[in-house]
């Protein structure tokens, strides 16, 4: 029988057994299973190390929960729509569907080779009509609920991808706005687009973050910042200008009354309404309704709006154009100039700002560019000369005392915020959010067709449910949107009037597919609904969800929105989809993220599936980045080989005994301690620490075997425990070890190991043994003892443990030894002199700042443990080791948790 573990030789066999026995398939009768899910992969063609780390985490935890007796739902599917597949097919003179299906076949084979335990009966693929039919069905339900809008908007446009992008798909890098997929600079266009009204849930999405205690704070903070809740006030400004004609008309949201020369007011939002008296101008965005109205009659406004229409805010800088309109200050009545300015964003606040250059950096930059007055109405503690210098160079943005503000002079700025709302109807408390509605339109082929037709007579008409899915037609190779070039798809009839109509040629953002896919896994074959609502109410939320925090906005915010929308539609009861989120870190190579573009990718199977899995789990905490090094991979490989060799040698040439000795009891107890420790580490997803515990137990068992013939039952149990504990991380190895050791059934279906005793204080026990070993080593080293013959461990007398308990219970500080002695006497505990008690008290208090007073081990516990562990010292130093109790009246240096040591 070979003693070398060959993963490739055994993996096919065990995968066959697992599949034969359907060990991962969840019964339809399961009630509230543990739902473990990794963010499903985009069908890029091959697995990369990020996939492996993600899915190794979910697989290890799912296996662990299954061994703990849980029903476990652990499914897999494919995020199969999207622009990369379309581009890849174009480059290969193929079509997206063929390319995608080829990628799925290859990636599934790789996942199976890695030994991931998925319930493949629940596999879903988002590009299949039976799936995206329900994208369309949900679109219709959201539309009917008023959560879908079709409107003209200035949107982000990627010229390379030839499609619009949602705000969350535009990255900021070195001051540039670039596409999240291709790194191309993003421009702006005005187009009619479809939006999901995620802003309707802005407040709930923001407030709900406080309850997500199982989510990393970093992810929650990213979402808080993206939602961007701001408290402040809306301030109304009336507008006026000289006009030469009469009449009244309504344009957009702005009423224009030219008979009396006034234009209805514009509202601005400000987080600092107390600075209103420092406003020296008003500015609106190029997309604001006022800008559009003025562009009809003012050529310079029209020219400016046209110039900046497709440019981002960084490109336009502090450019702007003054209009003929004036804003009437709501407190002073002063008429302020009104500008159309590119730095004012249409979709932030109200799309208009009151320019307060003395107290806002961007306003200060605009005012400086256009020679506008800069007035300061809040001062801090600096003197007047500092105030004047600051006015010229930078705004003052702190709190302080109001000046040049009429009746509010001398008041603190925080108080004035409240007073302004109380005193003026034109100023009202308000809350705004940075979050914008979710733009779902994409001008590409490989996505879910939007189930709408455009009729000249009926307007936008939804495709009836019975005609769903609206399927994609055959792919047409073109540089633009292929659906625009597909006449038979584009031309249709109106479902309402039967007249000619144009089918919507935009497809849905692929993040729509993934915003509810976790629900489809619950009932993937249901035909009359997107998911089984009763099962969803029973099985949600997802217990553990694993993925990268780069999806904090693009995906995780969308699934939170969609779940709430579905709840309001009456389709689910749960409003938060995920209870516990694990954000896995990045795998690095030479300090950089593994990337095909950097040429530093290590193929998942290059080192073998089992070694790769074990390494990515044992290298670091799941949320931390780690460096891929061949040396550290070797450690994972060596652990497997050592475990396999130990099991093989035990089966082949076991030389054991049946009588049980003290050091056998130590090993039995250490097995229990390891079970408790590893269990805790799996619960906390600290697989790296679980691997360390397994490695340490294996090392101890090898030392135990070398020290003496092992006790058959104890040693066999130790090896079976190792097989079970490592099997969630290295399942093929776990099965092979379990099988060699004649474990009952399959380890994947075995019960999780249970300790024979209850080592609740296992950490204290380990500390005592480790500290004692270190003390012996230090004495031998300092005293320069080459070959000690006898080592005595002197355990402190029993009464000293009672002293430690009293001190731990709070009798500390200026301790009177007589108080401790009286308490010991009241408990019928005999003690030596008060001087001895005082000495023990002082010693324990001196130790407490560093090692603490730890009364968790009793006198009997400590003496028994040292008796059982003395073989470790004897084995290391080749000396006789004995354990005694120190003199009651003169315990020398022996204290609870720290025996005295004598070496001859």
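The values are calculated or read from the model by the stated rules, or taken from the named source; none is laboratory data. Note that the coordinates shown come from a computational prediction; the quantities given were computed from them, not determined experimentally. Glycine gets a Cβ as well: all are built from the backbone with ideal geometry, and neighbour counts include every protein chain shown.
Is it the case that some residue within the range 28-35 is part of a helix (DSSP H, G or I), over 14 Å from residue 118 (Cα atoms) and modelled with pLDDT of 90 or more? No, there is no match, as no residue in the range 28-35 is part of a helix (DSSP H, G or I), over 14 Å from residue 118 (Cα atoms) and modelled with pLDDT of 90 or more.
Picking from 60, 56, which residue would you name as being touching a residue at least 12 places away in the same chain (Cβ under 8 Å) and closer than 19 Å to residue 750 by Cβ? The conditions single out 60.
Looking only at the range 707-726, decide whether some residue is in contact with a strand residue (DSSP E or B) (Cβ under 8 Å, 6 or more places away or on another chain), in a helix (DSSP H, G or I) and either within 22 Å of residue 750 (Cα to Cα) or at pLDDT 95 or above (or both). Yes, the range 707-726 contains at least one residue that is in contact with a strand residue (DSSP E or B) (Cβ under 8 Å, 6 or more places away or on another chain), in a helix (DSSP H, G or I) and either within 22 Å of residue 750 (Cα to Cα) or at pLDDT 95 or above (or both). On inspection, residue 481 passes the criterion of being over 27 Å from residue 75 (Cα atoms), touching a residue at least 24 places away in the same chain (Cβ under 8 Å) and surrounded by fewer than 21 Cβ atoms within 10 Å (Cβ to Cβ). The lone criterion from (1) crowded, with 17+ Cβ neighbours inside 10 Å; (2) more than 25 Å from residue 353 (Cβ to Cβ); (3) touching a strand residue (DSSP E or B) at 6+ places or on another chain (Cβ under 9 Å); (4) at pLDDT 80 or above left unmet by residue 223 is number (3).
Residue count for the range 793-819 under the criterion of being in contact with a helix residue (DSSP H, G or I) (Cβ under 8 Å, 6 or more places away or on another chain), at pLDDT 70 or above and either at positive phi or part of a helix (DSSP H, G or I) (or both): the result is 9. Picking from residues in the range 532-548 that are crowded, with 19+ Cβ neighbours inside 10 Å and under 14 Å from the mean Cα position of the chain (by Cα), the one that is farthest from residue 30 (Cα to Cα) is 547. Within the range 565-581, can one find any residue that is under 16 Å from residue 54 (Cα atoms), modelled with pLDDT of 95 or more and either assigned to a strand (DSSP E or B) or in contact with a strand residue (DSSP E or B) (Cβ under 7 Å, 6 or more places away or on another chain) (or both)? For the range 565-581, residues under 16 Å from residue 54 (Cα atoms), modelled with pLDDT of 95 or more and either assigned to a strand (DSSP E or B) or in contact with a strand residue (DSSP E or B) (Cβ under 7 Å, 6 or more places away or on another chain) (or both): present. The strands (runs of 3 or more DSSP E) found wholly in the range 409-522 and carrying at least 2 residues that are touching a strand residue (DSSP E or B) at 6+ places or on another chain (Cβ under 9 Å) and under 30 Å from residue 533 (Cβ atoms) occupy 452-455, 459-462. Looking at the range 848-856, is at least one residue out of contact with any helix residue (DSSP H, G or I) (no Cβ under 9 Å at 6 or more places or on another chain) and at pLDDT below 75? The answer is yes; a qualifying residue exists. Against the condition within 30 Å of residue 870 (Cβ to Cβ) and either at pLDDT below 95 or in contact with a strand residue (DSSP E or B) (Cβ under 7 Å, 6 or more places away or on another chain) (or both), how does residue 758 come out, does it pass? Here the answer is yes, as residue 758 does meet what is asked. Of the residues making up the range 623-648, those that are within 27 Å of the chain's Cα centre (by Cα) and within 30 Å of residue 741 (Cβ to Cβ) number 3.
If you go through the range 47-70 and keep only what is surrounded by fewer than 24 Cβ atoms within 10 Å (Cβ to Cβ), out of contact with any strand residue (DSSP E or B) (no Cβ under 8 Å at 6 or more places or on another chain) and more than 17 Å from residue 680 (Cα to Cα), you end up with 47, 48, 51. Considering 333, 358, the condition of being assigned to a loop (DSSP other than H, G, I, E, B), modelled with pLDDT of 90 or more, farther than 27 Å from residue 174 by Cα and in contact with a helix residue (DSSP H, G or I) (Cβ under 7 Å, 6 or more places away or on another chain) is satisfied by 358 alone.
Looking at 299, 303, just one residue is over 41 Å from the mean Cα position of the chain (by Cα) and within 21 Å of residue 189 (Cβ to Cβ), and that residue is 303. Being within 33 Å of the chain's Cα centre (by Cα), crowded, with 20+ Cβ neighbours inside 10 Å and under 30 Å from residue 58 (Cα atoms) is a property that holds for residue 682.
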